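This report concerns only the one structure given below.
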Amino acid sequence: MTGWVATVFGHPVGFAFLQTRQGAQEIYGELLETAVHPYFQNQGIESGLLKSVQQFQKRKKIKNIMALAFRGKHEKLFKNAGWVPSKRTVIYVSK
């Protein structure tokens, strides 16, 4: 697992965790979690964390990284950071 921590004046205010796995033909990643402290939200910190994940993806030549994002604010955040919805997958939920 790889992680990133965003800090303000040396204090952690956000993080992102990425799990990489070896698939049948390629390495892929799963973005397990991102979070930003409520006092520091809407300041671009989570977007910066997502960009760090993308830079890591390019450096390590990871073909795809999957992330689960709820519709609304988080979906918009991913789209604004350059992530695109998958055309190959569907998510099912048990209620």
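The figures follow:
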| read-out | value |
| --- | --- |
| Tail fraction, Cα-Cα pairs, the range 44-95, threshold 13 Å, whole percent | 64 |
| Fluctuation leader among His74, His11, His37 - the chain, Gaussian network, Cα springs under 10 angstrom | His11 |
| Percent accessible area from carbon and sulfur atoms, the chain, protein chains only, probe 1.4 Å | 54 |
| Neighbourhood net charge (12 Å Cβ-Cβ; Lys/Arg +1, Asp/Glu -1) for Leu68 | -2 |
| The chain, helix-only ellipticity at 222 nm - DSSP H runs n ≥ 4, -39,500 (n - 2.57), divided by all residues, nearest 500 | -8000 deg cm²/dmol |
| Surface accessible to a 1.4 Å probe, per residue, for the residues of the chain, Å² | 79 |
| GNM result for the chain, Cα springs below 10 Å: residue of Glu75, Glu26, Glu46 fluctuating most strongly | Glu26 |
| Flagged links, alpha-carbon separation over 27 Å, of Lys63/Lys87; Lys61/Lys95; Lys61/Lys87; Lys58/Lys87 | Lys61/Lys95 |
| Placed amide H near Ile65: partners under 5 Å, 5+ positions off or other chain | Gly29 |
| Principal axis dimensions, the chain - Cα atoms, whole angstrom, descending | 43, 34, 24 |
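The values are calculated or read from the model by the stated rules, or taken from the named source; none is laboratory data. Values in this document were obtained by computation on a predicted structure and should not be read as measured data. Virtual Cβ from ideal backbone geometry, glycine too; neighbours counted across all protein chains shown. Side chains included, ligands, DNA and RNA excluded: accessible areas come from the protein's heavy atoms. Shrake-Rupley method; radii C 1.70, N 1.55, O 1.52, S 1.80 Å.
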